[in-house]
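FYI, it's all coordinate maths here, none of it is from the lab. All of these numbers come straight from a predicted model, not from anything done at the bench. All Cβ positions, glycine included, derive from the backbone under ideal geometry; neighbour counts span all protein chains shown.
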Ligand SMILES: Nc1nc2c(ncn2[C@@H]2O[C@H](COP(=O)(O)OP(=O)(O)OP(=O)(O)O)[C@@H](O)[C@H]2O)c(=O)[nH]1
Ligand SMILES: [Mg+2]
């Protein structure tokens with residue numbers, strides 16, 4: 001999402017080095033002064049273009065926050081200071097433009113030179129100005145490097161019909177993901193917990209388990225977690241809310257119902273299911289399944305498809 005941003009010295013070396021190489025292989029005509037002028041004009045032109053192009057190319061390769069999916073916008077806002085990020089990009093744009101301006105200015109100065117030394121001197125001053133411009137945006141470039149590191153942790157969720165699995169700890173969310181998709185889920189790093197996001201796929205439907213995120217009532221959450229929870233509403237087309245009616249998970253049915261009501265507030269369609277039907281327990285009248293015996297899992301998958309495709 002953000003390309004590697006070379007160090008100031010590297011950017012300058014690249015620009016100056018290329019400019020030198022290009023003029024060294026060339027023959028210039030006219031008097032010594034005319035030759036010097038033509039040569040220094042060329043160096044300024046090439047160095048200026050290469051440096052401003054490098055900055056422009058970093059900007060164009062960097063993602064645009066506005067073009068992100070709402071889900072990613074929320075995740076990105078958790079990881080970086082979006083205002084500072086945008087400000088840093090603006091400053092890079094300023095620098096790239098300023099370089100082109102200075103280039104013109106110094107080319108005309110060199111053209112007005114009367115001696116070879118004067119021509120050379122103007123080019124040296126121009127190189128110095130390029131260095132100062134990059135120093136001026138050093139903080140901004142550092143911040144973009146920081147953003148790059150932070151955003152590397154973003155999970156790669158695909159844009160497809162997505163079912164998110166929620167429920168108290170130990171009710172069987174991860175088991176259900178495995179039972180539904182019949183595979184070992186892919187684990188991807190996750191910005192706000194160390195646990196990772198689990199993804200599974202079946203028939204063009206993406207199943208997501210977000211360990212630690214949708215397993216506690218919202219009032220027990222810190223602001224960052226609250227925002228992460230609310231990001232889920234942009235990701236999920238459907239939520240599976242998993243109950244453990246045997247209560248062997250360690251949470252009472254009341255506690256589980258409380259979380260269910262909270263998750264309903266996200267405004268995403270929900271299918272509640274009762275897992276661990278192989279064990280004894282009360283029923284709330286929802287679809288009963290068992291990840292252990294497989295009971296009800298196929299019916300659930302059928303129901304999921306019906307809900308996703310009938311709306
Ligand atoms: N008897 C029985 N046990 C189950 C069933 N489904 C899951 N379990 C068990 O319940 C425990 C928790 O299952 P997980 O799938 O890890 O539950 P989870 O909701 O992902 O747990 P956290 O990620 O810690 O929130 C494990 O020991 C599972 O083997 C089921 O249908 N029947
Ligand atoms: Mg789990």
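Here are the numbers for the structure shown:
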quantity: Sequence-separation-based contact order of segment 161-309, relative, with Cα cut under 8 Å and 6+ spacing, percent; calculated: 26 percent
quantity: Distance between segment 62-112 and segment 1-35 - C-alpha centres, whole angstrom; calculated: 23 Å
quantity: Using alpha-carbon coordinates, inclination of helix 70-79 to the longest axis of the chain, degrees; calculated: 70 degrees
quantity: Mean separation of Cα contacts under 8 Å, 6 or more apart, over the residue count of the chain: relative contact order %; calculated: 16 percent
quantity: Order by protection proxy (mean Cβ within 10 Å, highest first), peptides 156-167, 129-140; calculated: 156-167, 129-140
quantity: For the chain, built as a Gaussian network whose Cα springs stay under 10 Å, the top-fluctuating residue of 30, 112, 182; calculated: 30
quantity: Using alpha-carbon coordinates, inclination of helix 138-151 to the longest axis of the chain, degrees; calculated: 30 degrees
quantity: Computed [θ] at 222 nm, deg cm²/dmol, the chain (DSSP H ≥ 4; -39,500 (n - 2.57); rounded to nearest 500); calculated: -18000 deg cm²/dmol
quantity: Residue with peak Gaussian network fluctuation, the chain [Cα springs, cutoff 10 Å], from 53, 278, 117; calculated: 117
quantity: Residue among 69, 274, 219 with the largest mean-square fluctuation in a Gaussian network model of the chain, springs linking Cα atoms under 10 Å; calculated: 219
quantity: Stokes-Einstein translational diffusion, segment 161-309 - Kirkwood Rh over all Cα pairs, 0.890 mPa s, 25 °C, in µm²/s; calculated: 161 µm²/s
quantity: Contact order normalised by residue count of segment 8-151, Cα under 8 Å, 6+ apart, percent; calculated: 34 percent
quantity: Separation in nanometres of the label points that stand 7 Å from Cα toward Cβ, at residue 121 and residue 13; calculated: 3.0 nm
quantity: For the chain, alpha-carbon Rg and Dmax in angstrom; calculated: 29.7, 101
quantity: Kirkwood Rh, Cα atoms: Rg over Rh of segment 8-151; calculated: 1.12
quantity: C-alpha long axis of helix 297-309 to longest principal axis of the chain, angle in °; calculated: 50 degrees
quantity: Label-point separation, residue 303 to residue 204 (7 Å along Cα→Cβ), nm; calculated: 2.4 nm
